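Step one of this worksheet: look at the structure below.
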Amino acid sequence: MKRARAQLLDAGSTDSDAQDPFDVRFETILGPAEAVLAGRKVLLFGTNNYLGLTFDAGCIEQAVAAVRGDGTGTTGSRIANGTYGSHARLERKLAQFLGRRDVMLFTTGYQANVGILPALAGADDYLLLDADSHASIYDGAKLSDASVTRFRHNDPDDLYRRLRFLADRPGDKLIVVEGIYSMLGDMAPLRELVAVKRETGAFLLVDEAHSLGVLGAHGRGLAEATGTEGDVDFVVGTFSKSLGGIGGFCASDLPDFDMLRLASRAYMFTASLPPAVIAGVTQALETLERRPELCADLARNAAHLYEGLAAAGFALGPTISPIISIRLNDTGLAAAFWNRLLQVGIYVNLALPPATPERQSLLRTSVSAAHTPAQIDQAIGAMTSIGLELGVLQDPSERYFS
Ligand code: PMP
């Protein structure tokens, strides 16, 4: 492990100020789109800060007021130590926003999956996971007593075959997919998956971690955008991305859903969200409801970056979304590219196998509604010139076919 990391750093260091991509330390965060790193101002293109709300004046004001009013922490779990009024208010508000009967808060998005999957699926049941699922989904499945089956990424036919194979087995089947996948920014084919769910009588959970506040006319996610909300039994989401805080949730219309609070260890045995976070997230949700134009700004910025990088000739993910990844097939090259970008003031994420689909090396960017067109042009310009310098792109004048 140690040696692999040293090799990676070596490969990435074209000069002495090379950074460790897995130990980035910002000195100052200047705003949702800018920070200081190694004494240099950098543009942030790797934050998941989709709506740029981390510095929203209203969210900060509410968070500060909550610290003053309710203190810095809850010092325990809601089951053992009690629920604050603000937890219950956020659950009600989120349920209203999503049009769901119940919402259960978790302390992180990771814990939402780790908590809800074992609570939903027991020993006789089956979890059908998209192969590219996030680690929290895999970990939640591991903690459950259910049998776990992976189906090919975004492949409803493969899912259907697997469900048909299980058709005679007793027990419930729960399909688990994501709205936007975090590595390549591609989306689940939700309408087709819903058709499979209906035909086979399975349940469906959609993790909208990267699509809440991003997709749909009201920002409710991919299910809203595809008109499939009525067929989604469980919505998982996180507050750490578009809502600029931390925390997670699961929402459902299931009649006894509330009972799961006593069946979910990740709900029961960890401290609840602190007052400042709840207040900031509640305000962020209100901002999202009041300013739908934020989603439109985000969509425009995503298209701007995607189209600029595609026109330059980079290999990208299949769809325009706020997660835009440059696919490279060489780990050392990806590390070198990542470091050169930092040297010219652009921060993106380096994502390497085995954590990536098809063992690709990715320069993963995420766009924010807070980016200006000039900042996006700057990122496209930097990526293009470094792409040419490192031989990832061909000089247009040297292309035979254009
Ligand atoms: N689900 C998915 C699909 C994710 O991508 C992530 C985080 N990247 C999580 C859950 C976990 O969310 P959090 O970081 O808020 O714990």
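The values are calculated or read from the model by the stated rules, or taken from the named source; none is laboratory data. Note that this is a predicted model, so its numbers are computed, not measured. Please note: Cβ atoms are built from the backbone with ideal geometry, for glycine as well, and neighbour counts cover all protein chains shown.
Within the stretch 257-277, can one find any residue that is touching an Asp or Glu at 6+ places or on another chain (Cβ under 8 Å), surrounded by 15 or more Cβ atoms within 10 Å (Cβ to Cβ) and assigned by TED's automatic domain parsing to the domain that holds Val177?
Scanning the stretch 257-277, I find at least one residue that is touching an Asp or Glu at 6+ places or on another chain (Cβ under 8 Å), surrounded by 15 or more Cβ atoms within 10 Å (Cβ to Cβ) and assigned by TED's automatic domain parsing to the domain that holds Val177, so the answer is yes.
Residue check, Ala251 against (1) at negative phi; (2) in contact with a Pro (Cβ under 9 Å, 6 or more places away or on another chain); (3) within 15 Å of the ligand (Cβ to nearest atom), all met but one. Which one?
Only one criterion is unmet by Ala251, namely (2).
Can you name every residue in the stretch 156-176 that is closer than 24 Å to Pro318 by Cβ and surrounded by fewer than 16 Cβ atoms within 10 Å (Cβ to Cβ)?
Asp157, Arg161
Applying the selection to the stretch 102-155, what residues are of a type in the set (Val, Ile, Thr) and out of contact with any Lys or Arg (no Cβ under 7 Å at 6 or more places or on another chain)?
Val103, Thr107, Thr108, Val114, Ile116, Ile137, Val148, listed by residue number.
So is Val392 closer than 20 Å to Lys241 by Cβ, in contact (Cβ under 8 Å) with a residue 60 or more places away in the chain and buried (at least 17 other Cβ atoms within 10 Å of the Cβ) or not?
No: the conditions fail for Val392.
Could you list, in sequence order, all residues of the stretch 318-352 that are more than 11 Å from Thr365 (Cα to Cα), assigned to a loop (DSSP other than H, G, I, E, B) and not acidic (Asp, Glu)?
Matches in the stretch 318-352: Pro318, Thr319, Ile320, Asn329, Val344, Gly345, Leu352.
Can you give me the number of residues within the stretch 97-120 that are within 19 Å of Gly230 (Cα to Cα) and either outside the structural domain of Ala271 (by TED's automatic domain parsing) or small (Gly, Ala, Ser) (or both)?
Total meeting the criteria: 1.
Based on this model, can you work out whether Ala209 counts as part of a helix (DSSP H, G or I), touching a residue at least 40 places away in the same chain (Cβ under 8 Å) and within 16 Å of the ligand (Cβ to nearest atom)?
So Ala209 fails the test.
Does Gly221 satisfy the condition of being out of contact with any helix residue (DSSP H, G or I) (no Cβ under 6 Å at 6 or more places or on another chain), within 14 Å of the ligand (Cβ to nearest atom) and at positive phi?
For Gly221, the condition - out of contact with any helix residue (DSSP H, G or I) (no Cβ under 6 Å at 6 or more places or on another chain), within 14 Å of the ligand (Cβ to nearest atom) and at positive phi - is met.
Among Gly46, Gly39, which is modelled with pLDDT of 90 or more, over 26 Å from Gly185 (Cα atoms) and among the small types (Gly, Ala, Ser)?
Only one candidate passes the filter, namely Gly39.
Residue-by-condition table, conditions (1) touching a strand residue (DSSP E or B) at 6+ places or on another chain (Cβ under 8 Å); (2) among the basic types (Lys, Arg):
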{"residue": "Thr149", "(1), (2)": "yes, no"}
{"residue": "Pro156", "(1), (2)": "no, no"}
{"residue": "Arg162", "(1), (2)": "yes, yes"}
{"residue": "Arg169", "(1), (2)": "yes, yes"}
{"residue": "Asp172", "(1), (2)": "yes, no"}
{"residue": "Val177", "(1), (2)": "yes, no"}
{"residue": "Met187", "(1), (2)": "yes, no"}
{"residue": "Phe203", "(1), (2)": "yes, no"}
